[in-house]
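Structure record follows, encoded as structure tokens.
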Amino acid sequence: MYLAPLNYDRYFKKIFGVAEIAKRFLEDALGVQITEFSLMPREHKITDAARGIEFDFRCKIDNHYVVIEMQQWYKTDIIQRFHLYHCLNTALQLENLPTKIIDVLDNSEKEMRDYSLLKPVITIVWLVHDNLKETDDYLTMTPIDEKVLGFIRDSSLWKHGSLEQLQLCRDVVLQKINNNANGLMWMQENKEIFFFQKNIIKNAQNSAYRRWFVFAEKTLRRSNIKEDFDEYTGDVIFREMIRRLKVDKKDKENINYINTYEEYKEKVQRFIDGITKEALINNQVELDNERDLKDKAILSAEKERRLKEEKEQKIVNMILKRYNKGMTVSDISEDLELEEDEIKKIIQTFTNK
């Protein structure tokens with residue numbers, strides 16, 4: 001393993017704790033140019049009776065407060081949980097919200113918080129394996145007038161209404177969307193965005209954010225090597241990420257963390273699989289789906305096996321190429337960050353030396 005998995009909690013926080021890296025990611029993910037950026041505290045105590053809460057990442061950019069949360073595997077409560085985080089990110093602004101003086105009925109003055117200075121909140125949820133049954137790269141949720149949904153869901157209107165009726169209803173809906181009385185459109189600036197790593201990898205769309213998710217996916221492979229990340233070395237931000245994620249084989253604490261994390265992932269997955277299997281017993285259609293999943297798993301395992309063989313052959317070729325150029329085993333070991341014994345074994349196998 002050359003780099004530690006970016007998607008694991010410890011390394012995600014380590015990477016996004018660097019302001020320059022977080023700023024670049026947000027610019028690529030949101031398609032904006034950020035002029036003001038500041039990291040915010042991640043840990044908070046809401047009330048004396050409530051549990052403490054810790055965001056994976058929190059910052060302020062220009063006119064928004066932003067939270068980024070990493071979700072590694074499938075959980076049934078992520079919508080409610082991350083919406084709670086989203087709301088808390090608004091509420092936490094009360095800590096430093098300025099006050100204003102207003103006149104009251106008895107001709108005195110009263111000091112109160114100036115809520116007009118509350119900033120909109122964006123919550124980004126980075127889903128590694130789950131995709132909420134969506135096929136797009138991401139899903140954006142924002143508060144909107146219920147009549148807009150009513151217009152879209154009015155099947156009778158769309159099936160039987162005239163073009164003139166549709167246009168009229170659309171004009172009414174647009175008026176509601178664009179109503180900015182007392183700053184009402186502020187609501188629409190609050191967004192919850194779900195990025196789906198497995199969709200982004202599969203869709204292969206040419207977007208600024210895609211390289212982040214491809215990079216993360218590569219780090220998830222236990223067999224990742226230095227050459228896997230050559231395409232990123234020309235970017236100063238990704239060079240810094242590589243430096244911070246690089247695995248030192250002598251660092252037993254980090255190696256143990258990765259191994260323990262993977263064991264926990266396997267236990268969680270087995271638990272999920274167990275629940276799924278029990279549910280499928282009572283539904284033959286779902287049993288067919290399970291067989292489908294198993295077939296896909298077999299194909300996936302075969303693909304992984306082929307990739308592993310190709311990776312191993314690639315390593316062999318790199319070793320032999322360097323050996324044939326006259327490099328010593330020690331130099332090859334340092335260049336490729338492989339054990340000398342492994343290099344010697346490959347040279348003996350393929351050169352009879």
Counting only residues that are in contact (Cβ under 8 Å) with a residue 60 or more places away in the chain and either assigned to a helix (DSSP H, G or I) or polar (S, T, N, Q) (or both), which one in the range 196-209 is surrounded by the fewest Cβ atoms within 10 Å (Cβ to Cβ)? Q205
Does K119 qualify as being surrounded by 10 or more Cβ atoms within 10 Å (Cβ to Cβ), farther than 30 Å from F12 by Cβ, in contact with a helix residue (DSSP H, G or I) (Cβ under 8 Å, 6 or more places away or on another chain) and modelled with pLDDT of 90 or more? no
Specify the residue that is modelled with the lowest pLDDT; the eligible residues are those in the range 159-193 that are assigned to a loop (DSSP other than H, G, I, E, B) and surrounded by 12 or more Cβ atoms within 10 Å (Cβ to Cβ). G161
If R322 satisfies all but one of (1) at pLDDT below 80; (2) surrounded by 13 or more Cβ atoms within 10 Å (Cβ to Cβ), what's the number of the condition it fails? (1)
Which residue pairs have Cβ atoms under 7 Å apart, sit 6 or more places apart or on different chains, and have a first residue in the range 325-353 that is surrounded by fewer than 15 Cβ atoms within 10 Å (Cβ to Cβ) and a second that is among the hydrophobic types (A, V, I, L, M, F, W, C)? E340/V329; F350/V316; F350/L320; K353/I347
Check W126 against each of (1) closer than 24 Å to P5 by Cβ; (2) at pLDDT 90 or above; (3) more than 15 Å from the chain's Cα centre (by Cα) and name the one condition it does not meet. (3)
Selection within the range 310-340 - outside any loop (DSSP other than H, G, I, E, B) and β-branched (V, I, T): I315, V316, I319, V329, I332
Take the residues in the range 210-251 that are assigned to a helix (DSSP H, G or I) and of a type in the set (V, I, T), then tell me which one is nearest to Q72 (Cα to Cα). T219
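Has the range 249-259 got any residue that is of a type outside the set (D, E) and closer than 24 Å to N317 by Cα?
Looking through the range 249-259, at least one residue is of a type outside the set (D, E) and closer than 24 Å to N317 by Cα.
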I'd like the full set of residues that are buried (at least 18 other Cβ atoms within 10 Å of the Cβ) and without any contact (Cβ under 8 Å) to a residue 40 or more places away in the chain, limited to the range 24-41. none
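The values are calculated or read from the model by the stated rules, or taken from the named source; none is laboratory data. What you are looking at is a predicted structure, and each value in this text was computed from that prediction instead of being measured. Reconstructed Cβ throughout: ideal geometry from the backbone, glycine too, with neighbour counts over all protein chains shown.
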